[in-house]
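Everything on this sheet refers to the single structure shown next.
No value in this document is a laboratory result; all are computed from the given coordinates. Owing to the predicted nature of the structure, the values given are computational and were not obtained by experimental measurement. Methodologically, a virtual Cβ is constructed for each residue, glycine included, from the backbone with ideal geometry; neighbour enumeration extends over all protein chains shown.
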Amino acid sequence: MKDRLAVASVVAVLVALAGCSAIPGGLGGEAEPRHEVQVENGDDVAHTVTVEIRSDSETVLERTNDVSAGGEWNVTTQTTSGTYTVVVTTETGSRATETYSLPLAKGDRRSFTVVRVNESGSLDVRTYWQQ
């Protein structure tokens, strides 16, 4: 009877965990990347910002948004592994690029590419991940 109970308990646990998406990467697998692309406007005037994300010379995303003075824009969250180039331009002609490969971080940690519009209207881009 004890053996049956032990086997039933093990089977119940395995059934409960089978295909469990609550565990990042499942049981021992790699978690899908979670990479956020954001724009921060540090200028005292609004800017129209276009963000284009390319993979293998193909545009996978292109969006334009007016970002208010001191405002932020969460452009997208990427969840597919690969190498990407983000190209950012403003209405003033400022342009910046950054290339990164996902995943940047292991496990369930997130990574970010943040574009900052400076007070002069120039752009700075940095890519980083949670430690």
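With R₀ set to 25 Å, the beta-carbon distance separating Arg126 from Leu61 gives a calculated FRET efficiency near 0.85.
The ranking of Ser57, Ser111 by Cβ neighbour count inside 10 Å, starting from the fewest, reads Ser57, Ser111.
Amide hydrogen proximity for Val75: with H placed 1.01 Å from N in the peptide plane, the residues at 5 or more positions away or on another chain lying under 5 Å are Val37, Gln38, Val39. Rg over Rh for the range 31-129 works out to 0.97, both radii taken from alpha-carbon positions and Rh defined as the Kirkwood radius.
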